[in-house]
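In what follows, a single structure is set out as structure tokens and then discussed.
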Amino acid sequence: MKFTRIEVTNQRIERITTQHAIVGIDIAKEKHVAQVTNFRGIVLTRRHLTFANTLEGFERLMRFTQEVQKKQGLTSVIVGLEPTGHYWFNLAHWLRKQGIEVVLVNPVVTHRNKENRDNSPSKNDAKDALTIADAVSRGFYTEFTPQAGQLEQLKTLMSDREFWVKYAISLGNRIVRWIDMYFPEFQLVFKDWKAERSLASLRAFPLPCEVQDLNADEVIQRWHEQGMRRPGGVTGKAKAVQLIQAAKRSIGRTEGLEQARRDLQRLLTAYDQITSHLQEMKEEVEALLGKIPMAKQLQSIPGMGPTTIAALLRFTGDLGRYAHGRQLLRRAGLNLAERTSGKYKGQIKLSKRGDSALRKYFFLAILTLVRENPDFKRWHEHNLNKGMKKMASLFKLIGKLARIVIGMIQRGETYRSEIGVEQVA
């Protein structure tokens, strides 16, 4: 009798049968370790295989697996990996090109099940590979499904954007630190150092000693030389006077000013370059979204901007693979986790067992929707009037957003507030 283990995934049912060789691979930067078991978790090799993260290493893994299959009379193979870091990408894609099915095992599953086989907390690569194979044999995995070309491009683009945004924030903090040290009164004149007039001032006369002896007209002329189109006027003259007065009573450092000036110039040059990169990426994101049908559907939701939609699609992939909004919430770790036992009733909290970046963008999206979308604003006010706390209402509306999004994609509809978004949710 053939034993079958069933795992329900987003789109189809995966079956592990008695004819499967299950390969668990512990991923590392230079060398991977593989173990092979059958559907019951019984090891089929005398020792593990260590192979390099190269084409020759991948081919060695293929020969190793084929030898095990031939010796054991197995006709199918499934490979389980931990999606840690980025070192697994090349192997996973290569295996799929060879017609090998690849699945992903959550690192938390591996960590929590490492003592099952030997009742020991010890850890090594061979044991991790065996633990991964065990998890696959019991159906604790998700299918590895590379996205369509445009979604894959969007994923790469948004990943790059995330890096440059973090770099821009770090660079901005460095510029604020410089201002605090050499011209702390500057921020009393300009609340936002990224504003046009503020940047023109930092480029023209960053140090108090360079502006305190100027008059308002000279300051305005220097702003004009920095490329400001309308540096003067009533507002411009008032700001110029404020800046001169602030410079005259500045308590900023007066040592090493030449190096400080050069340091700021380098920081501002780098900031201009990053700003240019981010603008280019924004245009590329908008162009890509215009080619993705589901993105056009999401853009019909008032308050859902291009960056938010692109970020959500980056982490969720093809929304057509999800049967219900709950699956989307589970992927983000926004599903509820309850602890009860007998008469004990514990608190119900968010599981947070999912993609933290996806949770972040869901939360940012709902903040914008509550502010700009009339329906979400009304639902939020309704929740608050019922006595619900603000944060609880926001997370409840995230669930509503997930159901609306999946409902729209399944039905091929756009957002129609006036005729029953309630029905879609």
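In this structure T54 has an accessible area near 60 Å², from a 1.4 Å probe over the protein heavy atoms.
Between L214, L151, L268, the GNM of the chain built on Cα springs shorter than 10 angstrom shows L214 fluctuating the most. The modelled label-to-label distance for the pair M181/R15, using points 7 Å beyond Cα in the direction of Cβ, is 6.8 nm. Shape of the range 208-350 from the C-alpha gyration tensor: prolate (a/c of 1.5 or more and a/b above b/c, with a ≥ b ≥ c the square roots of its eigenvalues). May I ask for the distance between the Cα centers of the range 381-406 and the range 163-225, given as a whole number of Å? For the range 381-406 versus the range 163-225, the Cα centre distance is 41 Å. Taking Cα atoms, how many degrees apart are the long axis of helix 306-316 and the longest axis of the chain, rounded to 10 and kept between 0 and 90? So the inclination is approximately 20 degrees. Distance between the modelled labels on D213 and H86, one decimal in nanometres: 5.2 nm (7 Å Cα→Cβ projection).
Among A337, A311, A295, the largest mean-square fluctuation in a Gaussian network model of the chain (Cα springs under 10 Å) belongs to A337.
Considering only GluC sites (Glu not before Pro) in DSSP loops that have at most 16 other Cβ atoms within 10 Å, the longest stretch of the chain without any of them is 256-412. Our estimate of slack between L367 and N113, defined as 0.36 nm per intervening residue step minus the Cα-Cα distance, is 87.6 nm. Here's the list of lysines a cross-link from K400 could span, going by alpha-carbon distance under 19 Å and ignoring same-chain residues fewer than 8 apart: K349, K352, K360, K377, K386, K389, K390.
Here the accessible area of the chain is 49 percent carbon and sulfur, with a 1.4 angstrom probe and all protein chains present.
Which shape class, rounded, prolate or oblate, goes with the range 183-232 when its Cα gyration tensor gives a ≥ b ≥ c as root eigenvalues, a/c under 1.5 marks rounded, and past that a/b bigger than b/c marks prolate? Intermediate results must be reported in sequence, preceding the final value.
Numbers: a/c = 1.81, a/b = 1.11, b/c = 1.63.
Because a/c hits 1.5 or more and a/b fails to exceed b/c, the range 183-232 counts as oblate.
In the Gaussian network model of the chain, springs joining C-alpha atoms below 10 Å, which of G24, G252, G333 carries the largest mean-square fluctuation? Fluctuation is largest for G252. Taking all protein chains together and a 1.4 Å probe, the residues Y361, Y167 rank Y167, Y361 from largest to smallest accessible area. Computed on protein heavy atoms with a 1.4 Å probe, the accessible areas place M158, M294, M388 in the order M388, M294, M158, largest first.
Net charge of the neighbourhood of W223, taken over other residues with C-beta under 14 Å away and scored Lys/Arg +1, Asp/Glu -1, is +2.
Under 15 Å from a label point set 7 Å out along the Cα-to-Cβ vector of A357, the amide N atoms of the range 301-330 belong to 307-318.
Loop-located trypsin sites (Lys or Arg not before Pro) in the range 217-262 (DSSP state not H, G, I, E or B) with no more than 15 neighbouring Cβ atoms inside 10 Å: R229, R249, R253.
In the context of the full set of protein chains, residues of the chain present 55 Å² of accessible surface per residue (probe radius 1.4 Å, heavy atoms only).
Going from the alpha-carbon gyration tensor of the chain, what semi-axes, largest first and in whole Å, does one get by taking the root of 5 times each eigenvalue? Walk me through the intermediate numbers first.
Values: eigenvalues 561, 176, 86 Å².
The answer is 53, 30, 21 Å, longest axis first.
Considering only alpha-carbon pairs that sit under 8 angstrom and 6 or more positions apart, the relative contact order computed for the chain is 12 percent. Using the Cβ-Cβ distance between K248 and A270 with R0 set to 35 Å, the FRET efficiency works out to roughly 0.70.
Listed by chain and number, the lysines placed with their C-alpha closer than 16 angstrom to that of K191 are K239; residues fewer than eight positions away on the same chain are left out.
Length gained on full extension, S300 to E143: 53.5 nm, using 0.36 nm per residue less the C-alpha separation. Between E280 and E56, the contour length at 0.36 nm per residue exceeds the alpha carbon distance by 76.8 nm. Computed over protein heavy atoms with a 1.4 angstrom probe, the accessible surface ordering of W164, W223, W379, W94, largest first, is W164, W94, W379, W223.
The values are calculated or read from the model by the stated rules, or taken from the named source; none is laboratory data. It should be emphasised that the depicted structure is a prediction, and the values quoted were computed from it without experimental measurement. All Cβ positions, even for glycine, are placed from backbone atoms using ideal geometry, and neighbour counts span all protein chains on display. All accessible areas refer to the heavy atoms of the entire protein, side chains included, with ligands and DNA or RNA removed. Shrake-Rupley method; radii C 1.70, N 1.55, O 1.52, S 1.80 Å.
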